[in-house]
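Worksheet for the structure shown next.
The values are calculated or read from the model by the stated rules, or taken from the named source; none is laboratory data. All values derive from a computational prediction rather than experimental measurement. As a convention, Cβ positions derive from the backbone with ideal geometry for all residues, glycine included, and neighbour counts pool all protein chains shown. Each accessible area value is taken on the protein alone, full model and side chains, heavy atoms only, with ligands, DNA and RNA left out. Shrake-Rupley method; radii C 1.70, N 1.55, O 1.52, S 1.80 Å.
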Amino acid sequence: MKYTVVAISGSYGELISETIKMFGCISEYSTLGADKGHAILITYPWEYYDHVMTLHFITKIKGEYNNGNKESFQNWIKFFYNPYDFNDPNDITVDDWANHVIDAYKHIGIHDVMNGVKSSLVKRLTNNLPYTEIKLHDIITDQRKVLFELAKLLKTRLSVEINDFFHSKFNEYQLLINPYLQAINNRKLTYKTDNIYQYNYIHNLGYPGKYPTE
């Protein structure tokens, strides 16, 4: 059985896929979808966009740039809130990033293609593919629960080695993104607007009845 982890970049899809391989199973990670085997969807509501955006920036945009792939950054920077100020992602400070995320919250996630909710990810599956949902909230707050869910799905034992691998990689990610997330949270506290919808969006109050949550 092949397990395809279908997830938005920045929502730990690669980590889940690598962990499945540690269990001794065949797995791949895809942002596009799946048509064979069994899909694993990593889902999240819009209030996790800052977390997902930040991990994507650090691991993909900044990470690939530092590994010699400049093209990803050159394509991505066009959508930055102030693109003309930066020629290198390493020059983007945590405060610059916080301003970008606050600006992005005004529009990112409104379009279904950018959404990590289950109803959006299911659309990326074909052939009535069976799937299992893993919530990003659980990955962030209860890694042990996620590992036991994977072990149950894969019908195998959770070893100390797998547990240590998952937590080690997860903690590495947290060390990278925490300064950025703290800057975002600080920026949220000082954000002021006359537009109640933008205020609700940025302060995680939501748009009741307007955007899907699952």
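If you scan segment 44-88, which residues turn out to be at negative phi and part of a loop (DSSP other than H, G, I, E, B)?
Hits for segment 44-88 are TYR44, PRO45, ASN67, ASN69, LYS70, PHE80, TYR81, ASN82, PHE86, ASN87, ASP88.
The sole residue among TYR44, TYR29 that is under 29 Å from VAL160 (Cα atoms) and touching an Asp or Glu at 6+ places or on another chain (Cβ under 8 Å) is TYR29.
When each of ILE40, ILE16, ILE61 is tested for being under 30 Å from ASN87 (Cβ atoms), more than 11 Å from the chain's Cα centre (by Cα) and buried (at least 17 other Cβ atoms within 10 Å of the Cβ), the lone residue that passes is ILE61. Evaluation of PHE23 against the conditions (1) surrounded by fewer than 21 Cβ atoms within 10 Å (Cβ to Cβ); (2) at pLDDT 95 or above; (3) under 11 Å from the mean Cα position of the chain (by Cα) shows that the sole unmet condition is (3). Of the residues in segment 168-191, at least one is part of a helix (DSSP H, G or I) and under 14 Å from ILE20 (Cα atoms). TYR29 meets the stated requirement of being buried (at least 17 other Cβ atoms within 10 Å of the Cβ), modelled with pLDDT of 95 or more and either closer than 24 Å to PHE73 by Cα or among the basic types (Lys, Arg) (or both).
The listed residues are PHE165, PHE148, PHE170, and the only one of them that is open to solvent by less than 20 Å² (accessible area, probe 1.4 Å) and at pLDDT 95 or above turns out to be PHE170. List the residue pairs whose Cβ atoms are under 8 Å apart, where the first residue sits in segment 57-86 and is aliphatic (A, V, I, L, M), the second is open to solvent by 70 Å² or more (accessible area, probe 1.4 Å), and the two are 6 or more positions apart or on different chains. Filtered contacts from segment 57-86: ILE58/LEU176.
Checking THR126, THR132, THR156, THR141 one by one, the residue that is over 16 Å from THR4 (Cα atoms), polar (S, T, N, Q), open to solvent by 20 Å² or more (accessible area, probe 1.4 Å) and more than 16 Å from the chain's Cα centre (by Cα) is THR156 and no other.
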